[in-house]
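Trainee: Okay, handing you the structure first.
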Amino acid sequence: MAELSAEGFACASGILNDLRNGKQPHFSGSDAELFEQLKIGGFVVDAGLDELALIEAQYQRERKYSQFLLTILPTFGCNLGCDYCFVGKKHGLMGMDIQEKIVRFVESKVVSDHPPSMHVDWFGGEPLLGLKIIERLSERFLDICGLYGLPYQAQVITNGTMITNATVNTLLRAGVDRLQITIDGPAEMHDVRRPYKKGSGSSFDAIMESLPRVIGRFVVRLRINVDDRNIGEVWPLLDIFDRAGWLGPETNFFPHLARISAFTDACSSASPYVTPLDDFYSAQFKWMEELDARGVPLLEQGRYQFPEPKLYNCGAVGKNGFVFTPEGEIHKCGLEVDNSATAVGHLHRGIDENSPHYTRFADYSPFANKVCRDCEFLPTCLGGCPRDRIDNRELQVKENCTYHKKFEEQILLFHLGHREGIKRAIPMPRSAENPSSKLFNILS
């Protein structure tokens, strides 16, 4: 990323205005060098270039030759009872027969499709309840990737309550290099929202015991789920993390706010508490400002939403993206694992490419939508979540558009250091009668 000086910006504006008006700009020296950089960055293109067609060709090529992206649920079981969980009420641990069929599926795909790389997200339920499954399958995956020369990467998405020193060593041997762990505020807030299903005890305390074992050994993305019930209560976490020495340029520890939404019917109870976008981004900018002041390198992590062009936007629309459930169902979208009717196949039978649940993603393209085609944010958005577009989830689609049209420029300003511009551009919070109003008292 580069930021132009005032003189450079004036020069670039003059060049672009001349070109817009059909004039041939005249310059030399540093101006000529700037012109070449504008061309390299795509700000200046040949008059005959169809940029929309170029972006669409990139999108179609990337989804066809995308990395081998698997989401695997070793179990539907979980030791926590979070009221906003979208996975639902399925149960069960993955058996040996299903594990063996996943290995055969992987080897067959690697041989037939020659993907450029392989990435596995271990998900659930709580995937560490199936640690032996992760260990067993990872060993086979690493052997396959080693044999065929594929780079391999894996992530575990965990509630963070079951990480022992032995677990850490197992995950490192399994090729896992990153973790997503969830925490919802200090203990008194977190433990109400994310309680153990059985027995007493603090899941917050368990996570705080786990974090020193993983920080510095994995990239740790700490997801802090917020809604109107807790968005004003998460701020003491910053001091907790700072005192522990976890915030800084070398720790690879990235705590970020995540806005809860009613992603599926299973978590529809969260709907009354969803934080409005204006309130969320007021908090988000303040959160990022605090992290920046404490030395966290925000630009290195997509969780802090630096706007950049996408080649394609979701594994569900990629040819090589699949989700496996414990009972052997194959899905395209991880948000649909609780609904067997949306499976695109089964490991016992294979994939049905004629299934409407397969073709709905295979045939989807944001370029078929006139609103998206005509939108200046298409390169960084690509239509947002394909599932939301396909299923006409109007609220989610509207919120995605609002994010890009209202907040994307402000996020860019933030990363460029123009914090005062953000404070003027983001509207003032809602009335103090709203439950989230306490947030703004804390920030003031």
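Trainee: Give me the helices (runs of 4 or more DSSP H) completely within the stretch 1-91, filtered to those with at least 1 residues that are closer than 30 Å to PRO151 by Cβ and either of a type in the set (Phe, Trp, Tyr) or at pLDDT 80 or above (or both), ordered by residue number. Before you say what the answer is, go through the steps one by one.
Mentor: Numbers: elements: 6-20, 30-40, 51-64.
Because the criterion is at least 1 residues that are closer than 30 Å to PRO151 by Cβ and either of a type in the set (Phe, Trp, Tyr) or at pLDDT 80 or above (or both), the helices (runs of 4 or more DSSP H) in the stretch 1-91 that meet it are 30-40, 51-64.
Trainee: Mind listing just one residue for me: the one in the stretch 269-285 that is assigned to a helix (DSSP H, G or I), surrounded by fewer than 18 Cβ atoms within 10 Å (Cβ to Cβ) and in contact (Cβ under 8 Å) with a residue 60 or more places away in the chain and, of those, nearest to the chain's Cα centre (by Cα)?
Mentor: In the first step, residues of the stretch 269-285 are kept if they are assigned to a helix (DSSP H, G or I); the result is 269-273, 277-285.
Those still in the list that are surrounded by fewer than 18 Cβ atoms within 10 Å (Cβ to Cβ) too: 269, 271-272, 277-278.
Right, trim to in contact (Cβ under 8 Å) with a residue 60 or more places away in the chain and you get 269, 277-278.
Values: SER269: 23, LEU277: 17, ASP278: 20 Å.
Selected residue: LEU277.
Trainee: Conditions first: (1) assigned to a loop (DSSP other than H, G, I, E, B); (2) within 15 Å of the chain's Cα centre (by Cα). ARG303 passes all but one, so which condition is the exception?
Mentor: The failed condition is (1).
Trainee: So which pairs qualify, if the first residue must be in the stretch 332-354 and under 16 Å from GLN99 (Cα atoms), the second must be surrounded by fewer than 16 Cβ atoms within 10 Å (Cβ to Cβ), the Cβ gap must be under 7 Å, and the two must be at least 6 apart or on different chains?
Mentor: Matching pairs, first to second residue: GLY345/ASP352.
Trainee: Hey, can you tell me all the residues within the stretch 25-51 that are farther than 18 Å from PHE9 by Cα and more than 34 Å from the chain's Cα centre (by Cα)?
Mentor: The answer is ASP46, ALA47, GLY48.
Trainee: Another question, if that's okay. If you take the residues in the stretch 286-306 that are crowded, with 17+ Cβ neighbours inside 10 Å and of a type outside the set (D, E, K, R), which one is nearest to GLN180 (Cα to Cα)?
Mentor: Here the answer is TYR304.
Trainee: Being outside any helix (DSSP H, G or I), touching a Lys or Arg at 6+ places or on another chain (Cβ under 9 Å) and under 30 Å from VAL106 (Cα atoms) is the filter here; which residues of the stretch 366-388 pass it?
Mentor: Result: LEU382, GLY383, CYS385.
Trainee: Follow-up. Of (1) of a type outside the set (Gly, Ala, Ser); (2) assigned to a strand (DSSP E or B); (3) in contact with a Lys or Arg (Cβ under 6 Å, 6 or more places away or on another chain), PHE361 satisfies all except one. Which?
Mentor: It fails just one condition, (2).
Trainee: OK, next. Can you tell me which residue in the stretch 105-128 is surrounded by the fewest Cβ atoms within 10 Å (Cβ to Cβ), limited to those that are touching a Cys at 6+ places or on another chain (Cβ under 7 Å) and at pLDDT 95 or above?
Mentor: Residue satisfying both the conditions and the ranking: GLU126.
Trainee: Still on this structure: Filter the stretch 152-198 for residues that are small (Gly, Ala, Ser) and in a helix (DSSP H, G or I); which is nearest to the chain's Cα centre (by Cα)?
Mentor: My answer is ALA187.
Trainee: Related question: Only one of these conditions is not met by VAL337: (1) of a type in the set (Val, Ile, Thr); (2) within 19 Å of PRO115 (Cβ to Cβ); (3) touching a Ser or Thr at 6+ places or on another chain (Cβ under 7 Å). Which number is it?
Mentor: It fails just one condition, (2).
Trainee: Out of all the residues in the stretch 216-246, which are within 23 Å of ARG178 (Cα to Cα) and under 20 Å from the mean Cα position of the chain (by Cα)?
Mentor: Residues satisfying the conditions are PHE218, VAL219, VAL220, ARG221, LEU222, ARG223, ILE224, ASN225, VAL226.
Trainee: When you scan the stretch 400-410, do you find a residue that is of a type in the set (Lys, Arg), touching a residue at least 60 places away in the same chain (Cβ under 8 Å) and out of contact with any Lys or Arg (no Cβ under 7 Å at 6 or more places or on another chain), even just one?
Mentor: Let us first name the residues in the stretch 400-410 that are of a type in the set (Lys, Arg), namely 405-406.
Pick out the ones that are also touching a residue at least 60 places away in the same chain (Cβ under 8 Å) and you get 406.
Now drop any that are not out of contact with any Lys or Arg (no Cβ under 7 Å at 6 or more places or on another chain), which leaves 406.
Yes, the conditions are met somewhere in the stretch 400-410.
Trainee: Something else now. When you go through ARG140, ARG104 one by one, which is the residue that is in a helix (DSSP H, G or I), among the basic types (Lys, Arg) and without any contact (Cβ under 8 Å) to a residue 24 or more places away in the chain?
Mentor: Exactly one residue qualifies, and that residue is ARG104.
The values are calculated or read from the model by the stated rules, or taken from the named source; none is laboratory data. Computed from a prediction, not measured in an experiment: that's the story for all the values here. Counting neighbours? That spans all protein chains shown, and the Cβs are built from the backbone with ideal geometry, glycine included.
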